[in-house]
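Visitor: Here you go, one structure.
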Amino acid sequence: MNLGKVAIVTGAGSGIGKAVTLALAEAGYRVVLAGRREAMLDAVRDEARQRHGAGDRLLCVPTDVADAAAVEDLFAKAVAHFGRVDVLFNNAGRGNPPGSFLDWTAAEWREVVDVNLNGMFYCLQQAFRVMRDQSPQGGRIINNGSISAHTPRPNSIAYTATKHAVMGLTKTAAVVGRAFNIAVGQID
């Protein structure tokens with residue numbers, strides 16, 4: 001049993017983030033659902049309440065992880081509401097723009113990098129700050145990588161590049177986290 005631990009899930013409104021949110025709610029976690037689309041977060045929260053009786057153990061915080069200030073606000077709201085953060089499932093991400101990278105604009109490239117890499121960094125940074133300063137100190141961070149970090153696919157250059165970078169981010173954060181009882185890992 002998790003004894004009421006607190007988890008933040010980014011990209012909680014759909015896909016893997018939704019599945020992880022529902023699993024954590026079923027296991028008794030207090031969960032902060034983060035994502036850009038508020039209506040989708042609310043739907044996942046309502047489903048978790050209905051299926052698992054999660055009640056007031058769920059908090060929706062609409063967040064664009066590509067915005068550092070929004071991520072700081074997400075963690076501040078999580079701590080204000082639940083008192084701490086024990087787990088970050090760092091999951092928010094996006095795929096490539098359509099078509100060949102030869103035809104992309106700089107803005108299309110940056111959109112992928114801003115979400116998949118910068119957003120992951122902003123969440124990791126805030127999680128470290130909270131987990132380092134809370135008592136008891138520490139926590140667990142799971143970064144959602146991709147098999148693309150090992151085996152690229154055609155027409156995936158932005159996605160693949162960011163997922164390679166996430167691997168480096170994860171490995172370095174894992175070393176730094178040891179001093180604060182923060183374990184950092186990655187799923188692909």
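The values are calculated or read from the model by the stated rules, or taken from the named source; none is laboratory data. It should be emphasised that the depicted structure is a prediction, and the values quoted were computed from it without experimental measurement. We place every Cβ from the backbone using ideal geometry, glycine too, and count neighbours over all the protein chains shown. For the accessible areas, the whole protein counts, side chains as well, though only heavy atoms, and no ligand, DNA or RNA atoms are used. Shrake-Rupley method; radii C 1.70, N 1.55, O 1.52, S 1.80 Å.
Visitor: Compute the distance in nm between two label points, each set 7 Å from the Cα along the Cα-to-Cβ direction, one at Leu102 and one at Ala43.
Guide: 3.8
Visitor: Within a Cβ distance under 14 Å of Ala107, other residues only, what is the Lys/Arg minus Asp/Glu net charge?
Guide: -2
Visitor: Leaving out ligands and nucleic acids, note down the accessible area per residue over the chain with a 1.4 angstrom probe, in whole Å².
Guide: I get 48 Å² per residue for the chain.
Visitor: Further question: If the elastic network links every pair of Cα atoms under 10 Å, which of Thr63, Thr160, Thr105 fluctuates the most in the Gaussian network model of the chain?
Guide: With Cα springs under 10 Å in the chain, the top fluctuation among Thr63, Thr160, Thr105 is at Thr105.
Visitor: Right, next: If you compute P(r) over Cα pairs in 10 Å bins from 0, in percent for the structure shown, which of (1) 10, 37, 35, 15, 3, 0; (2) 8, 18, 26, 25, 11, 5, 4, 2, 1, 0, 0; (3) 9, 31, 31, 16, 7, 5, 0 do you land on?
Guide: The value computed from this structure is option (1).
Visitor: Compute a Gaussian network model of the chain, connecting alpha carbons closer than 10 Å, and tell me which residue from Lys18, Lys163, Lys77 fluctuates the most.
Guide: Lys77
Visitor: Can you give the percent of C-alpha pairs in the stretch 1-90 whose distance is more than 15 Å?
Guide: 50
Visitor: For the chain, take the longest principal axis of its alpha carbons; what is the angle in degrees between that and the long axis of helix 120-133, to the nearest 10 within 0 to 90?
Guide: So the inclination is approximately 30 degrees.
Visitor: Here is a further query. Could you give me the ³J(HN,Hα) list for the stretch 62-76, computed from phi with Karplus coefficients 6.51, -1.76, 1.60 and θ = phi - 60°, whole Hz, x at Gly and Pro?
Guide: Karplus-based 3J(HN,Hα) across the stretch 62-76 equals x, 8, 9, 5, 6, 10, 4, 5, 5, 5, 4, 5, 4, 5, 4 Hz.
Visitor: Which lysines, on any chain, are close to Lys5 with Cα under 20 Å apart, when same-chain ones fewer than 8 places away are left out?
Guide: Lys18, Lys77
Visitor: Follow-up. Using a 1.4 Å probe over the heavy atoms of the protein chains, calculate the carbon and sulfur portion of the accessible area of the stretch 1-80 as a whole percent.
Guide: 51
Visitor: Same structure, new question: Calculate, in nm to one decimal, what Phe180 and Asp133 gain on full extension: separation in residues at 0.36 nm each, minus their alpha carbon distance.
Guide: Difference between extended and current length: 16.0 nm.
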